[in-house]
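**Q** Please see the structure below; I have some questions.
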Amino acid sequence: MAPARTKTSARRPAARKAVKPRAKPVRGAGKAAAAPAKRSSQIFRVSHHSEDDFELGLRTYAKYRDLGMAKATSGMVQAHVIRFVPPCRPEEVSKLHFHDVEFQMIYVLKGWIKTELEGQGAHVMRPGSAWIQPPKIKHKVLDYSDDAEVLEIVLPANFDTVELGA
């Protein structure tokens, strides 16, 4: 979150007495301060569309086009286009699961997808719809159109998917 900004006034403020600044409490005072996590190096990467790039991956009902971001970010980010294989078979796709991730965002490129997320109910997402799936939220695909395609961005690039019992 960006720091709060204050409006500046065109008028010159009145002179004030010098005030000694008060010390602000520090979170975790008395503990050794943890150094901020160092981000991996990144390199330039471009990915141009090719039908040959779509491959079967995590799910048998979807083909994935890796955009090369995992390699370009030393494993920090995974980005891929997911093309769902028609026809949708609910008995195959509607398996409750979660992903052990730090961040997961999905954006619908084509078609539609109906998904159900724990505590959020079912939603039909259409082209231009985007959503965040918080870490480890239980969810399942309920249905999708024959032309459904989404962009998914996940941190970190390598993560576990945990299937839950029926």
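The values are calculated or read from the model by the stated rules, or taken from the named source; none is laboratory data. Since this is a predicted model, take the numbers as computed values, not measurements. Virtual Cβ from ideal backbone geometry, glycine too; neighbours counted across all protein chains shown.
**Q** Please state which of the following conditions Gly119 fails to meet, knowing it meets all the rest: (1) within 13 Å of Val154 (Cα to Cα); (2) of a type outside the set (D, E, K, R); (3) surrounded by fewer than 14 Cβ atoms within 10 Å (Cβ to Cβ); (4) without any contact (Cβ under 8 Å) to a residue 24 or more places away in the chain.
**A** All conditions pass for Gly119, except number (1).
**Q** Does Ala157 satisfy being in a loop (DSSP other than H, G, I, E, B) and touching a helix residue (DSSP H, G or I) at 6+ places or on another chain (Cβ under 7 Å)? Write out each step before concluding.
**A** Numbers: in a loop (DSSP other than H, G, I, E, B): yes; touching a helix residue (DSSP H, G or I) at 6+ places or on another chain (Cβ under 7 Å): yes.
Yes; evaluated as a whole, the condition is true for this residue.
**Q** Filter region 123-166 down to the residues that are within 21 Å of Asp100 (Cα to Cα), exposed (fewer than 14 other Cβ atoms within 10 Å of the Cβ) and among the small types (Gly, Ala, Ser), then identify the one that is nearest to the chain's Cα centre (by Cα).
**A** Filtering region 123-166 for residues that are within 21 Å of Asp100 (Cα to Cα), exposed (fewer than 14 other Cβ atoms within 10 Å of the Cβ) and among the small types (Gly, Ala, Ser), the one nearest to the chain's Cα centre (by Cα) comes out as Ala130.
**Q** Now a separate question. Tell me which residues, restricted to region 73-114, are surrounded by fewer than 18 Cβ atoms within 10 Å (Cβ to Cβ), in contact (Cβ under 8 Å) with a residue 60 or more places away in the chain and small (Gly, Ala, Ser).
**A** Gly75
**Q** Failed condition for Leu142, given (1) at pLDDT 95 or above; (2) part of a loop (DSSP other than H, G, I, E, B); (3) out of contact with any Leu (no Cβ under 6 Å at 6 or more places or on another chain), with all others met?
**A** (2)
**Q** Sticking with this structure for a sec: Tell me which residues, restricted to region 60-80, are under 16 Å from Leu151 (Cβ atoms) and under 13 Å from the mean Cα position of the chain (by Cα).
**A** Answer for region 60-80, where residues must be under 16 Å from Leu151 (Cβ atoms) and under 13 Å from the mean Cα position of the chain (by Cα): Val77, Gln78, Ala79, His80.
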